[in-house]
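The values are calculated or read from the model by the stated rules, or taken from the named source; none is laboratory data. Since this is a predicted model, take the numbers as computed values, not measurements. Reconstructed Cβ throughout: ideal geometry from the backbone, glycine too, with neighbour counts over all protein chains shown.
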Amino acid sequence: MDTLLFFFAADPEGGGGGFTSLIFLAAIFLVFYLFIIRPQSKKQKEIQKKVSEMKKGDKVVTSGGVVGIVSSIEDDSIMMEIDKDVKIKLLKNAIVDVNPQK
């Protein structure tokens, strides 16, 4: 038990504390990467893939919460029908979900 406490006790001369801090910072970055950065980037790639494969008639949701059906697709924008005879034009990067099954 005394040797275990010896390993966790601070060095009286102050040496070695920097290495422990470096390991702690690396562990925090690893946790951030595994639980926040990586899943978010996977989700973003999935959304980009859906948007690139989008076709006429797919149901889409925008970042503003507008739901509609794609009526035409251009290079960087789409025309979306949100109600009967009501169409809006918006950029593809505003789309957050594509549901091809309607």
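Quick notes on this structure:
- Contact annotation: residue pairs with Cβ atoms under 6 Å, 6 or more positions apart or on different chains, pairing a residue in the range 52-78 that is surrounded by 11 or more Cβ atoms within 10 Å (Cβ to Cβ) and among the charged types (D, E, K, R) with a partner that is modelled with pLDDT under 90 and in a loop (DSSP other than H, G, I, E, B), are 58/100; 59/102.
- Some residue of the range 80-88 being under 13 Å from residue 99 (Cβ atoms), among the basic types (Lys, Arg) and in contact (Cβ under 8 Å) with a residue 12 or more places away in the chain: no
- Note on the range 89-102: residues that are without any contact (Cβ under 8 Å) to a residue 40 or more places away in the chain, farther than 20 Å from residue 43 by Cα and in contact with an Asp or Glu (Cβ under 9 Å, 6 or more places away or on another chain) amount to 1.
- Filtered by the rule that a residue be of a type in the set (D, E, K, R), within 25 Å of the chain's Cα centre (by Cα) and not in a strand (DSSP E or B), the range 75-99 gives 75, 76, 92.
- Scanning the range 64-88 for residues being touching an Asp or Glu at 6+ places or on another chain (Cβ under 9 Å) and of a type in the set (Lys, Arg) gives a total of 1.
- Residue within the range 36-49 that is in a strand (DSSP E or B) and surrounded by 10 or more Cβ atoms within 10 Å (Cβ to Cβ) present: no
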